[in-house]
1. With springs connecting C-alpha atoms under 10 Å apart, model the chain as a Gaussian network and identify which of E127, E112, E169 has the largest mean-square fluctuation.
2. In deg cm²/dmol and to the nearest 500, what is the mean residue ellipticity at 222 nm of the chain if only DSSP H runs of at least 4 residues count, each as -39500 (n - 2.57), divided by the residue total?
3. When ligands, DNA and RNA are left out and all protein chains stay put, how many square angstrom of accessible area per residue does the chain have with a 1.4 Å probe?
4. Report, by chain and number, residues whose modeled amide H sits under 5 Å from the one on H158, excluding near sequence neighbours (fewer than 5 apart, same chain).
5. Just flag the trypsin sites (Lys or Arg not before Pro) in the range 38-110 sitting in loop per DSSP whose Cβ has no more than 12 other Cβ atoms within 10 Å.
6. What Kirkwood radius, in Å to one decimal, follows from the Cα pairs of the range 24-71?
7. About the Cα centre of the range 1-119, how large is the charge dipole given +1 on each Lys and Arg Cβ and -1 on each Asp and Glu Cβ? Please answer in debye to the nearest 20.
8. Give a residue-ordered list of calculated ³J(HN,Hα) values for the range 96-103 (Karplus: 6.51 cos²θ - 1.76 cosθ + 1.60, θ = phi - 60°; whole Hz; x for Gly, Pro).
Amino acid sequence: MTNIWHNIPINTNDISVVVQGAIVPNLTAACLLSVRDHLPGAEIILSTWIGMDVSNLSYDILLLNKDVETVKYDFIYNNFNNCNRQLYSTQQGLIKVSKKYVLKIRTDTVLENNHFLKYWDKFPARERAFQYFNHRVLVSSVYSRTNSDASGAPLPFHPSDFWFFGKTEDIRDYFSSCPLLSKADMANYQFKYPNKLPYPSITWRFAPEQFFCISWARKHCPYIK
């Protein structure tokens, strides 16, 4: 692994890292240690669930949240909608953030370096009419999508939810804009055009990535329904 300590525009002591989700054997421990390694001095907030084994894990603040309900949304592959779990554990973690910047990652994500910080001030040009964030927010290109890979159908409002980095007030604004999904939206949604679904076996109204983004967009753009 290669670290870069020069040409980083942000002091890593000014970063909080919200690590959210279920404890994954081996991976979560590696995730937390990778944050210690590549973001030295960063505050680590582990936001997980009551009953999870958190022994021998490296964190500064631990949140053991009451688990929230999941609903089966895919009746062919028997997958469950964990959107509310991700949302709630993220929101609770963000409440505890004390630093100027925050990185939100999942408990199964391991940092290989801190190179993403190089991009913080790389694209300063912005359209004034659409500056809803105080600063650009960094998001992974992996799984940021415009179309379904199954049907080719459009997937608007679908930035990846693997990780987010930005000013604390911006990341809080993004996730606090979301209410928990209702059961009607989590599964068995009654689509107007079921023959045009991006994934025919999926019965949620929005993918988690879309729900987070469209909830935030509606807050800032009232004309989005």
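The values are calculated or read from the model by the stated rules, or taken from the named source; none is laboratory data. Every value quoted in this text rests on a predicted model; they were computed, and no experiment measured them. Backbone-built Cβ (ideal geometry, glycine too); neighbour counts: all protein chains shown. Quick note on the areas: whole protein, heavy atoms, side chains included, nothing else; ligands and nucleic acids left out. Shrake-Rupley method; radii C 1.70, N 1.55, O 1.52, S 1.80 Å.
1. In this elastic network of the chain, the residue with the biggest mean-square fluctuation among E127, E112, E169 is E127.
2. Value at 222 nm, helices only, nearest 500: -6500 deg cm²/dmol.
3. Per-residue value: 53 Å².
4. Under 5 Å from the amide H of H158: R145.
5. Counting only loop positions with at most 12 other Cβ atoms within 10 Å, the trypsin sites (Lys or Arg not before Pro) in the range 38-110 are K66.
6. About 11.7 Å for the range 24-71.
7. 260
8. In residue order, the calculated couplings are 8, 4, 10, 9, 5, 10, 9, 10 Hz.
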